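A.B. asks: Got a structure for you, written out below as structure tokens; questions coming shortly.
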Amino acid sequence: MKKLILTFLASNLISTSYAGYFDNWSNNDLCGWMNSYSVPENIQTEVTNRELLCYGGVAVDKLPTLKSNNSQYGTSFPSPAPDMIEELHSMHKLGPKSKMGGY
């Protein structure tokens, strides 16, 4: 009888746990990690296993459509904010009437 009890107790202590490490993590918790510079492999695996689509650190159903910068004249780039231009001028002491190239 003692052997049976000891065997039962030993098997309970050695038994494998079926709960995964990320079971309590939400999809957004996992997607938040996907924006990191170095994403741990186990998080990448969990995102793949859950078949998540992450955008901007959150789980989404589909990716948003992005506005194209292509036109008949080629690729256009958005203009920088005026505040940014003024800040750069003040940082580099270029003054408001300076020209590119310094001449």
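Since every read-out is calculated from the coordinates, none of them should be taken as a lab result. Keep in mind it's a predicted model, so treat the numbers as computed, not measured. When we count neighbours, we look across all protein chains shown, and the Cβ atoms used for this are built from the backbone with ideal geometry, even at glycine.
A.B. asks: Being on the phi > 0 side of the Ramachandran plot and either surrounded by 13 or more Cβ atoms within 10 Å (Cβ to Cβ) or in contact (Cβ under 8 Å) with a residue 24 or more places away in the chain (or both) narrows it down to one residue among G32, G57; which is it?
C.D. replies: G57
A.B. asks: Could you grab me the full set of residues in region 61-78 that are surrounded by 10 or more Cβ atoms within 10 Å (Cβ to Cβ) and out of contact with any strand residue (DSSP E or B) (no Cβ under 7 Å at 6 or more places or on another chain)?
C.D. replies: S76 - this is the single residue of region 61-78 that is surrounded by 10 or more Cβ atoms within 10 Å (Cβ to Cβ) and out of contact with any strand residue (DSSP E or B) (no Cβ under 7 Å at 6 or more places or on another chain).
A.B. asks: What number of residues within region 23-49 satisfy the criterion of being aromatic (F, W, Y) and farther than 14 Å from A59 by Cβ? Even if it seems obvious, please write down each step before you answer.
C.D. replies: Looking only at region 23-49, we keep the residues that are aromatic (F, W, Y), and these are 25, 33, 37.
Checking the rest, the ones that are also farther than 14 Å from A59 by Cβ come to 37.
Matching residues across region 23-49 total 1.
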